[in-house]
Amino acid sequence: MYEIILTALKAIWAFLKRIFVKICSFVSNIVSFFKDKERLHKLQENRNRIAVSIKEKLASGEYNGVNCLFDKSTDEVVDAQTDAEVVEAEELDAETMRNFGDKDMIVIR
């Protein structure tokens, strides 16, 4: 599923909203994104939709992260203009590192 989501994101990468932070906070930059009432409603109304966060460590040592809603039945990012964002950060906080572990993608439940 990771490769499918990455392919979908690459197709819309230039259109995604971006935020820049020194340290990516799991609670402030990931969990709070998905706690938005409209996003929660979109997840609840369709069980095929999942909340996904992906991280990528860049050659510079900094990180790109993507938060989005993904529809497993269509293999598409849901409403990319409003429900997907890129977080560019110099580093990740301990909670983000712990939640991702050695994975590049997590599903937020």
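Okay, here's what the table says:
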{"read-out": "Qualifying residue in the stretch 33-54 (condition: in contact with a helix residue (DSSP H, G or I) (Cβ under 7 Å, 6 or more places away or on another chain) and among the small types (Gly, Ala, Ser))", "value": "yes"}
{"read-out": "Residues located in the stretch 67-83, provided they are outside any helix (DSSP H, G or I) and either at pLDDT below 95 or over 10 Å from the mean Cα position of the chain (by Cα) (or both)", "value": "Asp71, Lys72, Ser73, Thr74, Asp75, Glu76, Val77, Val78, Asp79"}
{"read-out": "Top-ranked residue of the stretch 92-109 - restricted to ones that are more than 13 Å from Phe34 (Cβ to Cβ) and in a strand (DSSP E or B), ranked as nearest to the chain's Cα centre (by Cα)", "value": "Met105"}
{"read-out": "Tally, over the stretch 17-45, of residues that are touching a strand residue (DSSP E or B) at 6+ places or on another chain (Cβ under 7 Å), under 14 Å from Asp79 (Cβ atoms) and not in a helix (DSSP H, G or I)", "value": "1"}
{"read-out": "Among residues of the stretch 18-37, those that are within 14 Å of Ala80 (Cβ to Cβ) and either of a type in the set (A, V, I, L, M) or exposed (fewer than 13 other Cβ atoms within 10 Å of the Cβ) (or both), counted", "value": "1"}
{"read-out": "Any chance Ile54 is under 14 Å from the mean Cα position of the chain (by Cα) and either in a helix (DSSP H, G or I) or farther than 23 Å from Glu90 by Cβ (or both)", "value": "no"}
{"read-out": "Checklist (1) surrounded by fewer than 18 Cβ atoms within 10 Å (Cβ to Cβ); (2) at pLDDT 95 or above applied to Thr96, failing item", "value": "(1)"}
{"read-out": "Any pair with Cβ under 7 angstrom, 6 or more apart, that starts in the stretch 21-35 at a residue that is more than 14 Å from Glu88 (Cβ to Cβ) and ends at one that is part of a helix (DSSP H, G or I) and hydroxyl-bearing (Ser, Thr, Tyr)", "value": "Phe26/Thr96"}
{"read-out": "Flag if Ala89 is over 16 Å from Ile106 (Cα atoms), part of a helix (DSSP H, G or I) and not polar (S, T, N, Q)", "value": "no"}
{"read-out": "Among residues of the stretch 38-75, those that are touching a Cys at 6+ places or on another chain (Cβ under 9 Å) and surrounded by fewer than 19 Cβ atoms within 10 Å (Cβ to Cβ), counted", "value": "0"}
{"read-out": "Index of the failed condition, Gln44 passing every other in (1) over 18 Å from Tyr2 (Cβ atoms); (2) under 14 Å from the mean Cα position of the chain (by Cα)", "value": "(2)"}
{"read-out": "Checklist (1) among the small types (Gly, Ala, Ser); (2) out of contact with any Leu (no Cβ under 7 Å at 6 or more places or on another chain); (3) not in a helix (DSSP H, G or I) applied to Ala14, failing item", "value": "(3)"}
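The values are calculated or read from the model by the stated rules, or taken from the named source; none is laboratory data. In this text the structure is predicted, and so the values were computed from the model without any measurement. Because the Cβ atoms are built from the backbone with ideal geometry, glycine has one as well, and the counts that use them run over all protein chains shown.
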